[in-house]
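The values are calculated or read from the model by the stated rules, or taken from the named source; none is laboratory data. Nothing here was measured: the structure is a model prediction, and the numbers come from that model. Because the Cβ atoms are built from the backbone with ideal geometry, glycine has one as well, and the counts that use them run over all protein chains shown. Calculation scope for accessible area: heavy atoms of the full protein, side chains included, ligands and nucleic acids excluded. Shrake-Rupley method; radii C 1.70, N 1.55, O 1.52, S 1.80 Å.
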Amino acid sequence: MNHGYTYQSTLAASDAVHWRIEDIIGGEKRLDFSRPFMPESLARVQEISFLSDDEKKVLNQIRGNTYLCIFGLVEEFILPFVLDQARPQLQGDDYRARALLQFASEEAKHIQLFKQFRQDFRSGFGTECPVIGPPEAIASAILSHDELGVALTTLHIEWMVQSHYVDSVKDDQDLDPQFKSLLKHHWLEEVQHAKLDTLMVEAMAANRTEEEILHGVEEYLAIGGFIDGGLAQQVEFDMASLMSATGRSFNEQEKEEFRQIQRQANRWTYLGSGMTHPKVLETLESLNPKARKRVETVSIAFS
Ligand SMILES: [Fe+2]
Ligand SMILES: [Fe+2]
C-alpha cells in the first residue's frame, strides 16, 4: 500500500511530540465539573427527552469517565500485544524494534494517565461510577483471537482516536479544557501508533492466503461483537450512575429510551467510528477487497 509509513519516520515523529504525565495533570490542573467532558456527537445526551440540562451534563461527564475507562481497558491488551510483536524480531531492523518499544511504552504511560484522571474524576464527581472489567479478563479474551484479528482491532482503535479528536473534540469550545487536553495529548501519540499498526497488519497479511486473511477479518468482527456485549452492560452501569448522582429513579419507559439512545451512542463511539474510518477501510481493501466489503456491511449497525 502506498502510504509512505516507515518505522524510522514514525519513531522520529514520536520523539517530537513526547510529553510527560505531570505536564498535563496534577496540582492546579483539575477537571472542571461545570463543563461537559465529551463532544455531543459521541455522548448523544441531548436526544434524551426526560433529562434536564443539568442532568444531561452529568450524564455527559459519566460518559467521559467511561471513555477513559474503556481506553484503559483496551490499552491493557494493546500493550502486551505490541511487546509480543516486538520481541521475536529485536535483532532485525533497529528502527522497528525501537518504534515498537516506544509504542508499548506510550501505551503504558496512557494507562497510567487514564488512572490519574479517573482518580481526579472520582474525587470531584462525588458518587461511584462502575465500569466493565476487570481489564485483565477482557485483555485475555481479546488476545485469545487470531493475531490478525487483534491487530485489526488495534488499528481500528488508534484511527478511532484520530477521528474523535479531529472531527469532534478539537473545535468544541464548550468542553472542559483539562479533559480536552487529555484527549489532545493522547491523540498526538496515537497517530504514530495507527501508522505502526498499519505496518504490522500488512506484514502479518503478507504471508497469508485469501482464506486466512478473511478468517482474520472475521476474528476482528468477533472481537467487535465481544466489545459490543460489554458496551450493553456499560449502558446499564451508566444509567445506574446517573440515577445515583442525580437522586432520580427512571420509569420503565424512560429506561428503555435511555438504553436505545445510549446503546447506539456507545456503538458509534467505540465501534462504528473505527469501522468506517477511511484509513481502516483502505488497509482492509489493500488486504482484500472482500475484507473491506464485509466490514462496511457490518458497520451499518453501528452508526
Ligand atoms: Fe493510547
Ligand atoms: Fe495507542
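A simple spin-label model places the labels of residue 252 and residue 33 3.4 nm from each other, with each point 7 Å out along Cα-to-Cβ. Centre-to-centre separation between the Cα atoms of segment 1-55 and those of segment 232-279: 20 Å. Give the calculated FRET efficiency between residue 23 and residue 136 to the nearest 0.05, with a Förster radius of 22 Å applied to their Cβ-Cβ distance. The formula returns an efficiency of 0.15 here.
Note on residue 208 and residue 174: the extension gain reaches 7.5 nm, defined as 0.36 nm multiplied by sequence separation minus the Cα-Cα distance. If I take R0 = 41 Å and measure r between the Cβ atoms of residue 263 and residue 83 in this structure, what FRET efficiency does the formula 1/(1 + (r/R0)^6) give, to the nearest 0.05? Approximately 0.75, to the nearest 0.05. Note the angle between two axes, namely the Cα long axis of helix 147-163 and the longest principal axis of the Cα atoms of the chain, as a number of degrees from 0 to 90, rounded to the nearest 10. Roughly 50 degrees, rounded to the nearest 10. Restricting to lysines 8 or more places apart or on different chains, can you count the pairs in the chain with Cα atoms under 13 Å from each other? Close lysine pairs found across the chain: 4.
The apolar share of the surface of the chain, taken as the fraction of accessible area on carbon and sulfur atoms (1.4 Å probe, ligands and nucleic acids excluded), comes to 51 percent. Scaling against 2.2 N^0.38 Å puts the C-alpha radius of gyration of segment 166-217 at 1.74. Give the residues of segment 270-290 whose amide nitrogen is closer than 19 Å to a point set 7 Å from the Cα of residue 218 in the direction of its Cβ. Residues passing the 19 Å test: 284-285, 287-290. Axis angle, to the nearest 10 degrees, between helix 278-287 and the longest C-alpha principal axis of the chain: 30 degrees.
Between 0 and 90 degrees, the angle of helix 53-86 with respect to the longest Cα principal axis of the chain falls at about 20 degrees. Normalising the Debye intensity of the chain to I(0), with uniform scatterers on Cα atoms only, and taking log10 at q = 0.13 Å⁻¹ returns -0.92.
Can you work out the accessible area per residue across the chain, with the rest of the protein chains kept in place, probe 1.4 Å, in square angstrom?
43
Its Cα gyration tensor gives segment 173-303 an equivalent ellipsoid; the semi-axes, largest first and in whole Å, are 34, 20, 11.
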